[in-house]
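Quick note: the coordinates plus some simple rules give every number you see, no bench work behind them. Not measured: the values here are computed from a predicted model. All Cβ positions, glycine included, derive from the backbone under ideal geometry; neighbour counts span all protein chains shown.
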Amino acid sequence: MRNLLAIVLLALPFPALAAGSPPIPVEHPAPSDPDAWKGAQPDVRVRVKPIRDTDSFLVSAVVTDARDGRVLAGPSLTVKPGVPAKVEVGTTGAPDAISLMFSVTVAPDGRSASYRSEVRNNSVVVSAQDAVLALTP
């Protein structure tokens with residue numbers, strides 16, 4: 001049985017990618033059909049921007065399939081510094097059912113964010129990445 005994973009918000013924060021990254025499309029599509037995730041090779045691009053006159057940040061992501069560039073998901077979250085945010089998208093429960101989990105925590109001073117992503121084939125982690133992102137005002 002296949003299960004489509006929904007976007008899960010555990011808290012609130014997120015920052016931007018390094019300069020030179022391709023732009024993130026403006027549109028934020030709904031989670032795709034579970035079949036689109038079968039054998040997918042997720043590529044996630046994340047942007048974190050401070051929200052003017054608040055202590056919050058807008059975290060936007062676009063998840064594409066590296067095989068053909070098709071957009072698989074486009075979550076967007078409003079987050080607070082020091083509070084971890086977590087997103088899970090994809091599918092489970094079928095052969096080659098691929099899912100992606102990523103989390104971001106904006107530092108309390110708002111100048112950086114820690115990022116972690118995991119690509120899973122069902123519940124088996126097949127790739128993981130950790131990074132610290134520098135944020136600019």
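Packing order of peptides 69-76, 47-54, highest average first: 69-76, 47-54 (average count of other Cβ atoms within 10 Å over each peptide's residues).
Once the Cβ-Cβ distance between GLN41 and SER114 is put in as r, and R0 is 30 Å, what FRET efficiency do you end up with, to the nearest 0.05?
With R0 = 30 Å, the Cβ-Cβ based efficiency is 0.80.
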